[in-house]
Amino acid sequence: MISIRTKLSLWLTGLVILSTVVGIIFFESMLRQAFHDSIIARLQEDIEQLMLATHLQGDELTIDQSQLSGFYKPVFSGRYYQLNLPDQEIRSRSLWDQKLDIKLLEKGDSRVWQTKGPQNHDIQLLSIGLSSDSLNVDATLTVAQDLSIGRKIFTQIYGTKLGVNLAMLLTMIAGIFLVLRQSFKPINHMQSALSKLREGEITSLELNKIPPELQGLASTYNELLQYSSKQLERSRNNIGNLSHGLKTPLAVMQQQVEALGLKDPDTAIALQKQLDLVHKMIERKLAAARITGDMLPAAQMQLPKDLNDLCQTLSKVHFHKQIQCNIHIPEKLLRLPLHREDGMELIGNLLDNAHKWAKSRVEINASIEDDVISLIIEDDGPGVASEELAQLTSRGKRLDEATMGHGLGLSIVKDIAEQYEIDLQFTHSERFGGLKINLTF
């Protein structure tokens, strides 16, 4: 999905470009019309000047050159005139040996048009029909102007305007991106705050650092975090209360088993094993509650801090074995891409299994390459036979009934791994001879 910032950038840029194109077209049309109107106005002035310079000498009409502009004297100067009479033509010197193809007009008629003139240049012409009562003749007076010079000026002006508009367009587009970048900075700050929240550095979003438009969303998010935290706290308390509540009945049962041992030792031993198993399960649940009790609902699993917490907690649970837990994590790997509580349960179960089977050592190694994270857990226990490795993720399956455990942990690990699409593999550890577990995120 395209981001809001990208959409705004595209829409505003498109709007500015469209406005600029429309403005350029409109300006070009106005400039062309103004150029045409100025040519016509000049031709009208020229034709009035020619009419004033036209005199009757004897029986002939003549044009007094001294009253005319000097533009009509140089050959092909671009300014021309021509007077068409029934039996003669009077042309400006600037036409030289050329003549204008004129359509004779009635008195009072006028005509404006364009055609090819001297040197095959485009010219603008204005003709009017005249009549002399004294000579009883009709005449057509025409003035013309070469358009090539004016068009050069028009092109220069239009080109300059086009260059200025393009520069303004680029400036506005750059301004749009800069303004949007500055406007979305608070959202970037909010993303940074969410990252800190995910990593457990803060417990809620600070509303005073969030723009008013997003404060409602941030406030709702804080309320959701608070509600989730209370739910987690309530669940932890319920687990703790249940575990502590079972201790009194178990203590009574322990006394009964001890009393039974005097009468029926075999039955007492069998019951004692089950009581020990229940005690072990209660201790594990209490340990899990202690680990996950202070977690934030949105937090991801932090490395190596959370692994150290797990190892310290499990070393207390398995204090009688004095397991050495070594952790090797690259400095650039700061967290695992899964919910912190799920990560604690996933890796906690795997480490618990490793501590149960290990003789003296558990090793944790992590690496990251091309955004792929690999986490390896190894122990120096007896390991698992090749044909039994696949059974490790079967729900409720235990490979050694002599080792205390309820058999659900590794199956839960498989469920969490499938939920987060984590590749989970069990193999033999060549370094320590025990079980090797490889998780790929």
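Read the figures in this text as sums done on the coordinates, not as results from a lab. This structure is a prediction, so every number in the text was calculated from the model and none was measured. Here the Cβ positions follow ideal geometry from the backbone for every residue, glycine too, while neighbour counts run over all protein chains shown.
Side notes on the structure shown:
- Within straight-line cross-link reach of residue 107, lysines at Cα separation under 27 Å, skipping those fewer than 8 residues along the same chain: 99, 116
- HN-Hα J in Hz across the range 204-219 - Karplus 6.51, -1.76, 1.60, θ = phi - 60°, x for Gly and Pro: 7, 7, 7, 5, 6, 9, 10, x, x, 5, 10, 5, x, 5, 5, 5
- Amide N of the range 20-53 lying under 19 Å from the label point, which is placed 7 angstrom from the Cα of residue 121 along Cα→Cβ: 35-47
- Mean ellipticity per residue at 222 nm, deg cm²/dmol - from DSSP H runs of n ≥ 4 across the chain, formula -39500 (n - 2.57): -18000 deg cm²/dmol
- Near-label residues of the range 31-50 by backbone N, under 15 Å of a point 7 Å along Cα→Cβ of residue 138: none
- With a threshold of 19 Å on the Cα-Cα distance, the over-threshold entries among 247/273; 321/359; 247/356; 196/316; 185/209; 414/436 are 247/356; 196/316.
- Cβ-Cβ FRET estimate between residue 428 and residue 276, R0 fixed at 45 Å, reported to 0.05: 0.90
- Normalised by 2.2 N^0.38 Å, where N is the number of residues, the alpha-carbon radius of gyration of the chain equals 2.20.
- Projecting the Cα positions of 360, 153, 177 onto the charge dipole of the chain (unit charges on Cβ atoms of Lys, Arg, Asp and Glu, taken about the Cα centre) puts 360 furthest along the positive direction.
- A Cβ-based charge dipole, computed about the Cα centre of the chain with Lys and Arg at +1 and Asp and Glu at -1, lands at about 1360 debye.
- When each of the peptides 345-356, 264-275 is scored by how many other beta carbons lie within 10 Å of its residues on average, the order from highest to lowest is 345-356, 264-275.
- With the convex hull of its Cα atoms as the shape, the range 4-153 has an orientation-averaged projected area of 11.7 nm².
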